[in-house]
Every structure is written in structure tokens, then in C-alpha cells.
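Trainee: Here it is, the structure, as C-alpha cells.
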Amino acid sequence: MKSLPNTLSIDIGGTGVKLIVLDAKGSPLCDREREETPHPATPESIFRVIEELTHKVPEFDRIAVGFPGVIRDGIVETAANLDVHWVGVNLASQLEQCFGKPVRVANDADVQGFGCISGKGLEMVITLGTGMGSALFVNGVLVPNLELAHHQLKKGMTYEDYVGRYALESVGKKKWTKRVQNIIENTKLVWNWDLLHLGGGNAKLLKDVELPDTVRLHSNKSGVMGGFVLWQDV
Ligand code: BGC
């Protein structure tokens, strides 16, 4: 008898490529595996990393991917923190060919959101990593591909310039934290979210910071856990 499907959930990031296999209920079947993102981060080099990492995890029947850019119908439209050759790549069909399994792809912040939202009210997700991811959910329904990262905040500086990884490295943790707090206030004024979820690799730097009680911190793991939700309608 065919067992219920396992999902390979992949989180492609500007700094790391992570993956895990989840069982039919979304529980992990192994540890999360991670490899540094290769440079240049071309489709070929990242496919190679994914292929190598899959040798370390159990078998899977379907694939979910969070990608750091705009995704439409499985096709990459933008990839600000990866190689330019990603633009136009049909990520879903290429991975399908590579592994012979069905693939669903979405923006990484959208996938992260699926892994951490409550499903009630207006929820915003901001991921703090190499880039700045953003996602919006209304009663659990995704408004896809919200790209706050590239919106100008002030004097030609975008949100991503303000709190992305390079900003953290150049201004240091204290000033970066203040910047994140500004973004919390700004987005509350504009979007009036009920809950704001902060995820991504650098969210852990905020663990000792006093934040409004409507702001939740999440570990980077929700990036791969959310992949399960991409398949939940099946
Ligand atoms: C991309 C977003 C992505 C974010 C985090 C930004 O540069 O434009 O699509 O969600 O980085 O990876």
C-alpha cells in the first residue's frame, strides 16, 4: 500500500540553502540540512547544492520551495540577492525534471508566513536575512508577492538597504535594531496589522529587545516548515 506523501521543503536564501523532509502531517522526518549559498548563486550552482543535500535526507514524494524573489506560476520574476540568470527560470518545472516529483514554489517570505501565522485577522510577516522579505495574510489567505524590500523608505534607500544583511554588517546591531523598530512602527501605521511576525536568520538578534506584544519572533525553521502548507489542499 502506498504510504502518505512526504514533502521535501526547500528554502533558498542569499546566504544558505536549507531543506528538510516533512511527513504527511507536516512533522519533520529528519534534521534540517543546510549548505552555504554558492557564489555566483546561479541556477546551476544552487540546483547542485539542492541535489547534494537531498542525499542526506529521507525519501520524499513532492517538493515545496521558498524562493527569495517574485514567483508567478512557478517562474522566477526577480531574484535581487541571487545571480541575474535566475530571472525567467521555470523553477518548478526544472526541479520537476530533476527529481521526477511534483513541485510547488512560492516567495520565501510567503512560505515562511504559512509556517508561522495564526490564520486570524491581518497578519504581516517580515523576514530579516540577506534580504528583507515581506508577506501579508488576511484571515490566513495570502496576498502573494508583497515586495516591501524594494520600496523606498527615504532618500533612495529601500527597506532592504535599511535592514538587510549588508545594513546590519555596516551599521552594527544596535543601530540595526533601532531601524527594525522603526519598520515595526511604519508598517503598523500603513498596514494596521493585527500581528506582525518577524522571521529570517537575523530575527534571533531581537530576542532580548522589548517588542510590542502584537509582534512575534520566529526561528528560521518556519521557512522550511511552511513548505508543507503549500501542499495542504491536496
Ligand atoms: C526579495 C524578496 C525576498 C526577500 C527575502 C528580497 O530581496 O525581493 O522577494 O522575499 O529578499 O529573501
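Trainee: Take residue 19 and decide whether it is open to solvent by less than 50 Å² (accessible area, probe 1.4 Å), within 14 Å of the chain's Cα centre (by Cα) and within 27 Å of residue 143 (Cβ to Cβ). Steps first, please.
Mentor: Numbers: open to solvent by less than 50 Å² (accessible area, probe 1.4 Å): yes; within 14 Å of the chain's Cα centre (by Cα): yes; within 27 Å of residue 143 (Cβ to Cβ): yes.
Yes, satisfied.
Trainee: Within the group 113, 69, which residue is open to solvent by less than 10 Å² (accessible area, probe 1.4 Å), within 16 Å of the ligand (Cβ to nearest atom) and part of a loop (DSSP other than H, G, I, E, B)?
Mentor: Every option except 69 fails the conditions.
Trainee: May I pose another question? Scan (1) crowded, with 16+ Cβ neighbours inside 10 Å; (2) under 22 Å from residue 13 (Cα atoms); (3) in contact (Cβ under 8 Å) with a residue 60 or more places away in the chain for the single condition residue 187 breaks and write down its number.
Mentor: Of everything listed in (1) crowded, with 16+ Cβ neighbours inside 10 Å; (2) under 22 Å from residue 13 (Cα atoms); (3) in contact (Cβ under 8 Å) with a residue 60 or more places away in the chain, residue 187 misses just condition (2).
Trainee: Considering only residues that are at negative phi and open to solvent by 20 Å² or more (accessible area, probe 1.4 Å), look in region 117-128 and name the one that is farthest from the ligand (Cβ to nearest atom). Write out each step before concluding.
Mentor: Looking only at region 117-128, we keep the residues that are at negative phi, and these are 117-118, 120, 122-128.
Of the ones still in play, those that are also open to solvent by 20 Å² or more (accessible area, probe 1.4 Å) are 117-118, 120, 122.
Details: 117: 16, 118: 21, 120: 23, 122: 19 Å.
Per the stated criteria, the residue is 120.
Trainee: Also: Quick one: in region 94-110, which of the residues that are in a strand (DSSP E or B) and more than 9 Å from the ligand (Cβ to nearest atom) is farthest from residue 54 (Cα to Cα)? Steps first, answer last, please.
Mentor: Here is the first cut: in region 94-110, the residues in a strand (DSSP E or B) are 103-107.
If we keep only those that are more than 9 Å from the ligand (Cβ to nearest atom) too, we end up with 103-106.
On the way: 103: 15, 104: 17, 105: 17, 106: 20 Å.
My answer is 106.
Trainee: Now for a separate question. Every residue in region 76-90 that is within 13 Å of the ligand (Cβ to nearest atom) and either touching a residue at least 24 places away in the same chain (Cβ under 8 Å) or under 16 Å from the mean Cα position of the chain (by Cα) (or both), please.
Mentor: Residues satisfying the conditions are 76, 77, 78, 79, 80, 81, 82, 86.
The values are calculated or read from the model by the stated rules, or taken from the named source; none is laboratory data. Note that this is a predicted model, so its numbers are computed, not measured. Cβ: placed from backbone, ideal geometry, glycine included. Neighbour counts: every protein chain shown. Areas reflect the complete protein model, heavy atoms only, side chains present, ligands, DNA and RNA absent. Shrake-Rupley method; radii C 1.70, N 1.55, O 1.52, S 1.80 Å.
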